[in-house]
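The values are calculated or read from the model by the stated rules, or taken from the named source; none is laboratory data. Computed from a predicted model, the values in this text were never measured in an experiment. Using ideal geometry, Cβ is built from the backbone for each residue, glycine included, and neighbour counts are taken over all protein chains shown. Calculation scope for accessible area: heavy atoms of the full protein, side chains included, ligands and nucleic acids excluded. Shrake-Rupley method; radii C 1.70, N 1.55, O 1.52, S 1.80 Å.
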Amino acid sequence: MDVKRMIIGIDLNRSGSQVCCYDRSLGDAVSIPVKAGSDQLTFPTLLCLVPADHSWYHGIEARYFAEKKNGILIDQLYDLCADGTSAWIEGKEYAGADLLAVFLRKTLEAAGAENPASQVAGIVITVPKLTRFFVRAIRQAYEVLGIPRNRGFLQDYKESFFVHTLFQSQDVWARKTGLFEFRNGQVHFSCLEMNFRTKPVAAYVNDGGSISLKGNDEQKDRMLVSFIRESLGEDLYSGIFLMGEEFDQRWAKESIRLLCKGARKVFGGNNLYAKGAALSAREKTEPGHLKSFLYVGSDLVRHNVSMELMVQGIAAVYPLISAGVNWYETAADFEILLDQGEELTFLVSRMNEKSRKKLVMPLPGLPSRPAGTTRLKVHMEYEAAGKCRITAEDLGFGEMFPASGKIWNEVMEDQN
């Protein structure tokens, strides 16, 4: 494995995490075990601070030092990042991003990347669901590690499922593909389906139902058989993935027989999300494999945003935000000379539609100046797929018209 240009995927879960690296010689992502020679892939998502020398430990080591050396265990790392809260340790406040940076550094060191800034060519962190706090924490942690935005990415489990599946042979995803995830005594179903009539091919991951498995092995098998029939229905599936350590072929005999009907390809394992993250990191840094597909997830921005500007005396539409990109990867910064009025006007159109609507952002209190002598700095950033925050700041016009320092905010929300 090339340790100078490592491509890495990390599955960050509340209870446990995994790491995969893309192996160019194999053309696939491989899991990094917790310890050399071990087949254990998952390690606890926690940190431990040992007050004696103020050393940080993580994962399995963290629990050991907390128990044996009276360390301070931080087992809410995931929630601190997801909720944007902080932890007080030894009288000092630590934001989730600070703790996540420590956790990631230790994790990358264990994977062989002791200097992430120079060794990591691409990295994707995948989590069950992205919040704006999580996005901010991951971005800040990447910054601490010296990983720039064009090498550090993030995505949710659904997109990792999509990417992982599309890197398999076509007979796995030629029709619908199902995922049964076993976790905490429950089974959750998801379905990947694609519209091959569109260009690029539109791919969707839809949530199905969930059940709790109870009773002895025979009872659990019967419950799972019923859930499989309910989930798959009469639809045609070419591939099925079974994920989670709680699934065991020894008790799921009838379930396996049912899943394998109709020449369906059936796979089992526990590292689908980590592999999907590593394969996504490969695609983002060395694109090509997924160029004919568009993943249409709940995090996708569905609108194009532009402005009508005068360029050398000619009216032109200047694009600012393009639809088809995840909200957490979308932002725009620009400066504009305001010709007249006390407002900004944006043109908004839905993806694949030509008609545009106008969004007017008032600028109350803007100093009165001659036309073309008011310079504004504008920042656009999404807080969710359908929620864009726009900030405008008055920069004035040199010494002739000093900046007023006024700042205006507007939230553009998808009403459809």
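What to note about this one:
- Maximal additional length on extending the Q40-E393 stretch stands at 121.8 nm, based on 0.36 nm per residue less the C-alpha distance.
- Considering only beta bridges that DSSP places wholly inside the range 113-193, some 60 percent are antiparallel.
- When both the range 124-154 and the range 72-106 are represented by their alpha-carbon centers, they are found 15 Å apart.
- Cα centroid separation, the range 191-243 to the range 317-386 (Å): 42
- Residues of the range 372-393 falling in the label zone of R350, defined by backbone nitrogen less than 19 Å from a point 7 Å along Cα to beta-carbon, are 385-388.
- Across W173, W56, the residue with the most accessible area heads the list, and the full order at a 1.4 Å probe is W56, W173.
- Label point 7 Å beyond Cα of S118 along Cβ direction - residues of the range 131-146 with amide nitrogen under 17 Å: 145-146
- Using all pairs of distinct alpha-carbon atoms, the Kirkwood hydrodynamic radius of the range 330-389 works out to 13.4 angstrom.
- Within the assembled protein chains, the solvent-accessible surface assigned to D333 is about 100 Å², based on a 1.4 Å probe.
- Accessible area per residue was computed with a 1.4 Å probe on protein heavy atoms; L41 scores about 40 Å².
- Extension gain (nm, one decimal) between S55 and I72, 0.36 nm per residue minus Cα-Cα: 5.1 nm
- Sites I407 and D79, calculated FRET efficiency, Cβ-Cβ separation with R0 35 Å, nearest 0.05: 0.60
- Size of the range 239-326 as Cα extents on the principal axes (Å, biggest first): 75, 25, 23
- DSSP bridge pairs, the chain: antiparallel proportion in percent, nearest 5: 75
- In summary, the range 82-216 shows an alpha-carbon radius of gyration equal to 1.32 times the 2.2 N^0.38 Å reference for compact globular proteins.
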